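Some notes on the structure that comes next.
The values are calculated or read from the model by the stated rules, or taken from the named source; none is laboratory data. All values derive from a computational prediction rather than experimental measurement. Cβ sites come from the backbone with ideal geometry, for glycine too, and all protein chains shown count toward neighbours. Areas reflect the complete protein model, heavy atoms only, side chains present, ligands, DNA and RNA absent. Shrake-Rupley method; radii C 1.70, N 1.55, O 1.52, S 1.80 Å.
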Amino acid sequence: MKDMYILAIESSCDETSCAIVKNGCEDIATIINTQIDIHTLYGGVVPEIASREHLKSITLVIDECLKKAKMTMDDIDAIAVTYGPGLIGSLLVGIEAAKTLSLMYDKPLVKVNHMAGHIYANNLTKKMKYPLLSLVISGGHTEFIYMKDEYSFEKIGSTLDDAVGECYDKVARVIGVGYPGGPIIDKLSKKGEHEYNLPLPLNDDSYNFSFSGLKSAVINLAHNCEQRGEELNKENLARSFQDVVVETIKKKTLKAIKDYKVKRLVVAGGVSANSAIRAALEELCKENKIDFSVPELKYCTDNATMIGAAGYYAYKNGQIADLNLNACPGLDLG
Ligand code: KG4
Ligand code: ZN
């Protein structure tokens, strides 16, 4: 089969990104323009600002990506774009850019679910084989997706309230260590010890998660310390919090692997960059003789390369859109 080059666009949150990906597995060129510095001033993503920033940089990012790849639009076979889930204003910028390229250069337009993108980031390291279980952990999602086959998604469990990344970000905000909270807490926890007793969330037999109780426990602890004039040991709190997160993720993942009798675990999403979660799940898989896969760190958080990887399989599985394609902020997977 002829090689297929996909130009992919991702703009669902606060990263404007364009990538060219060959055959769903090879990163030819990737450009990511992050807005983190701007949103840090507000302690979180401000949707209105995010859309305006995407608008400023989208064409520059696409142009830079083609230049980096030393390619022109003639070399491109299809355009893939994230159409949800995400912030509506942010998504629309990427979608309009993708539609324009598709119309101008007469290339197929491929619609990609952002969460499918996160999962397929794994295909950039090692070709995915099926059936598999995927644990998707990001700023907006925490779910188990069972994939019986290529580009088929069945959600078997998810968070009942906060996503795990959201919980990391809120905890970081409460203890005043900055944004985004995940990487900061991850770093702090390495210097700390397990001092604080926090509740293990939703300690049941389901495949669901719940992180709001854990978040509230941390908030209460911080407020109580403040009221008593005691100093909170941030490193120890980060460690205690992260230990509980790892414990709950490990427990639920083991159950899902066993019940679904899968031989492969694929971890995905921004939180899959977490050092303790990566290590714990790798160990768990080793103990249970399960093939373990996690994306390279640079492909864990939002990027268009993962959309190009998923886009290849989306194209093969008929996910072609026309110029009516709209943003789906609450788009589900499976
Ligand atoms: O996938 P992503 O880039 O955006 C969404 O689709 O949500 O994930 C962003 C989330 C943020 O909540 C961020 O704090 C978290 O991923 N994150 C981490 C780490 N790096 C990023 N959480 C824990 N440990 C990390 N090292
Ligand atoms: Zn994401």
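Picking from residues in region 123-137 that are in contact with a strand residue (DSSP E or B) (Cβ under 8 Å, 6 or more places away or on another chain) and polar (S, T, N, Q), the one that is most open to solvent (accessible area, probe 1.4 Å) is T125. Whenever a residue of region 1-27 is at negative phi and free of Cβ contacts under 8 Å to residues at least 24 places away in the same chain, its partners that are part of a strand (DSSP E or B) and among the aliphatic types (A, V, I, L, M), lying with C-beta atoms within less than 9 angstrom and at least six residues away or across chains, give the pairs K22/I6; K22/I28. The condition of being open to solvent by 40 Å² or more (accessible area, probe 1.4 Å) and more than 16 Å from the chain's Cα centre (by Cα) holds for D149. Being in a loop (DSSP other than H, G, I, E, B), closer than 25 Å to T30 by Cβ and more than 16 Å from ligand 2 (Cβ to nearest atom) is not true of K99. Among residues of region 178-198 that are more than 22 Å from G140 (Cβ to Cβ), those with a Cβ under 7 angstrom from a residue that is assigned to a helix (DSSP H, G or I) and among the β-branched types (V, I, T), sequence gap 6+ or separate chain, pair up as L198/V218; L198/V244.
State all residues of region 184-222 that are within 18 Å of A276 (Cα to Cα), open to solvent by 50 Å² or more (accessible area, probe 1.4 Å) and of a type in the set (D, E); if no residue qualifies, say none. E193, E195 - these are the residues of region 184-222 that are within 18 Å of A276 (Cα to Cα), open to solvent by 50 Å² or more (accessible area, probe 1.4 Å) and of a type in the set (D, E). Mind checking whether some residue in region 9-27 is over 23 Å from K107 (Cβ atoms) and among the β-branched types (V, I, T)? No. The residues listed here are L7, L92; of these, the one that is over 18 Å from the mean Cα position of the chain (by Cα), within 20 Å of A321 (Cα to Cα), open to solvent by 10 Å² or more (accessible area, probe 1.4 Å) and modelled with pLDDT of 95 or more is L92. For region 54-83, which positions are more than 21 Å from G117 (Cα to Cα) and open to solvent by 40 Å² or more (accessible area, probe 1.4 Å)? Passing the criteria: L55, K56, T59, L60, D63, E64, K67, K68, K70, T72, D74, D75.
Would region 257-269 turn up any residue that is within 19 Å of G140 (Cα to Cα), in a helix (DSSP H, G or I) and of a type in the set (F, W, Y)? Scanning region 257-269 turns up no residue that is within 19 Å of G140 (Cα to Cα), in a helix (DSSP H, G or I) and of a type in the set (F, W, Y). Scanning region 62-92 for residues that are away from ligand 2 (no atom under 16 Å from the Cβ) and either of a type in the set (V, I, T) or within 16 Å of M306 (Cα to Cα) (or both) returns I62, C65, T72, I76, A78, I79. The set of residues in region 131-173 that are more than 16 Å from ligand 2 (Cβ to nearest atom), assigned to a loop (DSSP other than H, G, I, E, B) and of a type outside the set (F, W, Y) comprises P131, K148, D149, E150, S152, L160, D161. Residues that are more than 25 Å from I137 (Cα to Cα), in contact (Cβ under 8 Å) with a residue 12 or more places away in the chain and open to solvent by less than 60 Å² (accessible area, probe 1.4 Å) do not occur anywhere in region 30-47. Only one of these conditions is not met by V110: (1) in a strand (DSSP E or B); (2) more than 16 Å from ligand 2 (Cβ to nearest atom); (3) under 19 Å from V244 (Cβ atoms). Which number is it? Failed condition: (3). Out of all the residues in region 284-332, which are within 22 Å of K263 (Cβ to Cβ), within 16 Å of ligand 1 (Cβ to nearest atom) and open to solvent by 10 Å² or more (accessible area, probe 1.4 Å)? Scanning region 284-332 gives a single hit, V294.
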